[in-house]
Amino acid sequence: MTATLHPVVDAITRRIIERSAPTRSAYLAQIDLAAQRKPGADRMGCANVAHAFAAMPDGDKARVTGLDKFKVVAEKGPNIGIVNAYNDLLSAHAPLQHYPDLIKEESRKHGATAQVAGGVPAMCDGVTQGTPGMELSLFSRDAIAMATAISLSHDVFDAALMLGVCDKIVPGLLIGALHFGHLPTVFVPAGPMTSGLSNNEKSKVREKAAQGLVGRTELLQAESAAYHGQGTCTFYGTANSNQMLLEAMGLHVPGTAFINPGEGVRQELTREAVRTVLEITKTKRFAPIGHVVDERCIVNAMVALLATGGSTNHLIHWVAVARAAGIVIDWNDFSALSDVVPLLTRVYPNGSADVNQFQAAGGPGFVIRELLDAGYMHAEVLTVRAGGLREFVGIPSATANGALQWADPGASKDDSVVRPASSPFSASGGLKLLKGNLGRSVIKVSAVPDDRHIIEAPCRVFDSQDALHKAFSADELNQDVICVVRWQGPQANGMPELHKLTPPLAVLQGKGYRVALVTDGRMSGASGKVPAAIHVSPEAAAGGPLARVQDGDVIRLDANAETLQVLVSDAEWAARPVATMPEELRAANGIGMGRELFANFRRNALTAEEGACTWL
């Protein structure tokens with residue numbers, strides 16, 4: 001079934017194409033020129049080639065160089081570069097340890113070779129939440145992009161496989177890969193951990209701990225029961241949103257995203273990634289990643305994010321991803337799409353289900369099918385598969401002899417988790433753009449109760465998240481209040497996530513107070529039921545409006561009208577002094593835990609709406 005494209009989706013795509021024409025055409029010219037060159041083993045000097053393949057087993061060396069013990073042999077095969085984000089600190093990345101051996105083995109079966117081109121750093125926001133290390137988190141994306149570029153800069157590869165899953169890792173790998181956009185590239189995930197303590201139960205224990213009703217032992221037991229094995233965390237945060245978006249962009253083997261690491265079909269899907277990238281390379285079906293990721297592909301990713309109530313972090317990351325491919329998008333585009341794209345899923349924090357229940361109910365395949373059939377996604381796009389985006393509707397499984405097969409997801413297996421486009425949870429997506437005299441910001445409303453979409457209250461201004469915690473512990477916030485937490489933007493301190501603020505604010509909301517958060521920082525991809533106007537731009541450190549706010553100012557956050565206003569007369573507001581970051585805070589920022597090394601990132605970072613890019 002080929003549906004007529006929704007007119008708003010069509011119009012937004014057209015304006016992105018028009019806006020991006022100069023940068024996109026320059027990008028394509030650059031990667032097409034690179035694609036026309038001879039393979040590295042034929043193009044480079046003999047010493048370069050010898051260095052590149054000196055450590056290879058003799059059989060592989062013969063395949064890639066055409067020499068066997070210094071004698072000319074049979075036809076050469078393609079060489080795959082593996083960029084691996086493996087470490088065994090991240091539960092989601094621990095399974096990647098043995099993937100390179102599997103990839104090399106499968107490559108040999110098809111007359112090809114594979115090399116680990118490099119490893120990229122991978123940090124866990126769950127480990128660093130509320131610590132100084134979190135101030136490296138956002139910028140780790142660009143460090144990963146650089147490490148990906150360094151890995152591929154040896155320039156002896158005919159294709160690439162990107163091994164990574166979590167928050168900044170996938171955007172970083174994708175940005176880096178797009179700077180080598182002439183290479184056919186497939187992303188290879190590892191899947192979510194099996195379900196443990198439910199996300200709802202975990203949150204309840206966190207709220208009790210915030211009130212002092214349970215101690216560290218009980219809290220640690222609950223957290224360890226939730227995060228208990230290999231695989232991604234099971235809530236629908238940034239990591240799992242990454243996987244949904246890669247499916248919608250056609251950059252995975254179809255249906256790979258949410259297969260658990262221990263399932264038998266997981267290994268065969270990794271082998272299929274090798275076969276997929278080699279099929280592009282050998283048949284010359286022109287689908288290098290720089291051509292796959294075009295304006296329509298980016299719009300498909302935005303639509304998938306909105307239809308699933310995905311992570312707010314992607315209003316930063318996918319702006320940066322698009323820029324890496326010469327495509328210019330902004331929050332107006334997200335907002336206009338959100339007005340028409342239906343919300344098709346309820347996965348925690350937007351519901352009680354986890355990603356394993358989402359997968360069992362129909363998963364990404366169900367959502368993509370519904371969006372295609374209803375005209376919300378572009379069907380005629382390049383993907384890593386010959387069958388195009390329709391292939392990504394299928395749910396993978398193994399036959400009796402171990403071969404892969406894909407089946408249509410059919411009807412929703414649980415309509416409390418996924419619904420068809422004809423009867424969505426909401427007629428619009430889960431994100432709103434807020435505008436007003438406090439600047440531009442975004443709010444995720446898909447998990448916020450309807451009666452909390454408008455909050456008007458006096459504000460308390462905090463210069464750090466620790467200051468808010470202290471005020472909460474001192475019972476200073478037992479009232480209707482909008483908490484302003486500033487000096488948290490990219491230029492101030494690297495724009496850390498402020499997820500540690502969720503439990504105390506949720507406690508206040510649970511007591512019946514009308515509360516909200518306004519900040520130039522980020523919330524976690526798991527941000528939930530407390531209204532939060534985040535990513536406020538321009539940030540306070542750049543002289544943005546949050547630097548003018550004072551304790552007691554009445555602020556109105558209206559997600560329905562899409563406004564964020566401090567209720568002060570224009571004359572008084574214009575006359576207000578612009579505060580500067582407290583000296584003790586400025587002195588502490590960027591000191592310790594390696595933060596000194598990221599000083600240039602902070603100095604050069606663009607605004608959140610511009611992707612917080614440090615390389616443009």
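With a 10 Å radius around each residue's Cβ, average the other Cβ atoms per peptide and rank 80-93, 24-37, highest first. Could you put the intermediate results ahead of the total?
Values: 80-93: 22.3, 24-37: 13.9.
Per-residue mean Cβ counts within 10 Å order the peptides as 80-93, 24-37.
With an 8 Å cut-off on Cα pairs and a minimum separation of 6 or more residues, tell me the relative contact order of the range 293-410 in percent. Display every interim value, and only then the final one.
On the way: 111 pairs, mean separation 27.0, N = 118.
Once normalised by length, the contact order is 23 percent.
How high is the relative contact order of the range 353-450, in percent, with contacts defined as C-alpha pairs under 8 Å that are six or more residues apart?
On the way: 101 pairs, mean separation 23.6, N = 98.
Across the range 353-450, relative contact order equals 24 percent.
With P(r) over Cα pairs in 20 Å bins from 0, in percent as the read-out, I listed (i) 20, 49, 27, 4; (ii) 20, 54, 23, 3, 0; (iii) 17, 41, 26, 11, 4, 0; which label goes with the value calculated from this structure?
It is the value labelled (ii).
Which percent of the accessible heavy-atom area of the chain goes to carbon and sulfur, probe 1.4 angstrom? The partial results should precede the final answer.
On the way: 12160 of 22570 Å².
Percent of accessible area from carbon and sulfur atoms in the chain: 54.
Residues of the range 305-349 with the amide nitrogen closer than 20 Å to a label point 7 Å from the Cα of R37, along Cα-to-Cβ, please.
Within reach of a label on R37: 325-326.
So which lysines can K204 reach, going by Cα to Cα under 23 Å and dropping same-chain residues fewer than 8 places off?
K444, K470, K500, K511, K529
When the helices in the chain are scored as -39500 (n - 2.57) per DSSP H run of 4 or longer and the sum is shared across all residues, what 222 nm value do you end up with, to the nearest 500 deg cm²/dmol?
It comes out at -11500 deg cm²/dmol, rounded to the nearest 500.
What is the set of long-range amide H partners of A159 at a cut-off below 5 Å, with H atoms built 1.01 Å from backbone N?
Those lying under 5 Å, H to H, from A159 are N79, G81.
Which cross-chain or sequence-distant (5 or more) residues have an amide H under 5 Å from the amide H of L434, H modelled 1.01 Å from N in plane?
S441, V442, I443
If one computes the Cα centroid of the range 361-420 and of the range 210-250, what distance in Å separates the two points?
After rounding, the separation between the Cα centres reads 25 Å.
Give the accessible area for D451 in Å² (nearest 10); use a 1.4 Å probe, count only protein heavy atoms, and leave out ligands, DNA and RNA.
It works out to around 100 Å².
Work out from phi, with θ = phi - 60° and the Karplus expression 6.51 cos²θ - 1.76 cosθ + 1.60, the ³J(HN,Hα) of each residue of the range 562-571, listed in order in whole Hz, and give x for Gly and Pro.
6, 10, 9, 10, 8, 8, 10, 4, 4, 5
Using alpha-carbon pairs under 8 Å, 6+ residues apart, how would you state the relative contact order of the range 484-566 in percent? List each step's numbers first, then the result.
Details: 129 pairs, mean separation 23.2, N = 83.
Computed value for the range 484-566: 28 percent relative contact order.
Take F425, F258 and sort them by solvent-accessible surface of the protein heavy atoms, 1.4 Å probe, largest at the top. Don't skip to the end; give the middle numbers.
Numbers: F425 45, F258 5 Å².
My answer, sorted largest first, is F425, F258.
Order the following by accessible area, largest value first: R14, R206. Probe radius 1.4 Å; ligands, DNA and RNA are ignored.
So the residues, ranked largest to smallest area, are R14, R206.
Give me, ordered by chain and number, the residues 5 or more places off S426 or on other chains with an amide H under 5 Å from its own placed amide H.
Close amide H contacts, sequence-distant or interchain: L343.
Whole angstrom only: what separates the Cα centroid of the range 560-592 from the Cα centroid of the range 466-491?
Cα centroid of the range 560-592 versus Cα centroid of the range 466-491: 14 Å apart.
Can you compute 3J(HN,Hα) from phi for each residue in the range 15-22, using the Karplus curve 6.51 cos²θ - 1.76 cosθ + 1.60 with θ = phi - 60°, rounded to whole Hz and x for Gly and Pro?
The phi angles translate into 6, 5, 4, 5, 5, 8, 3, x Hz.
Residue-wise, which Karplus ³J(HN,Hα) couplings in Hz belong to the range 535-547, taking 6.51 cos²θ - 1.76 cosθ + 1.60, θ = phi - 60°, and x for glycine or proline?
Values, residue by residue: 6, 3, 10, x, 6, 4, 5, 9, x, x, x, 4, 6 Hz.
Please list 108-119, 592-603, 244-255 highest first by mean number of surrounding beta-carbon atoms within 10 Å per residue. Don't skip to the answer; put the middle values down first.
Working: 108-119: 19.2, 592-603: 14.3, 244-255: 27.2.
The most tightly packed comes first, giving 244-255, 108-119, 592-603.
The values are calculated or read from the model by the stated rules, or taken from the named source; none is laboratory data. The structure displayed is predicted, hence computed values, not measured ones. Note that each Cβ is placed from the backbone with ideal geometry, even for glycine, and that neighbours are counted across all protein chains shown. Accessible surface areas use protein heavy atoms only, side chains included; no ligands, DNA or RNA. Shrake-Rupley method; radii C 1.70, N 1.55, O 1.52, S 1.80 Å.
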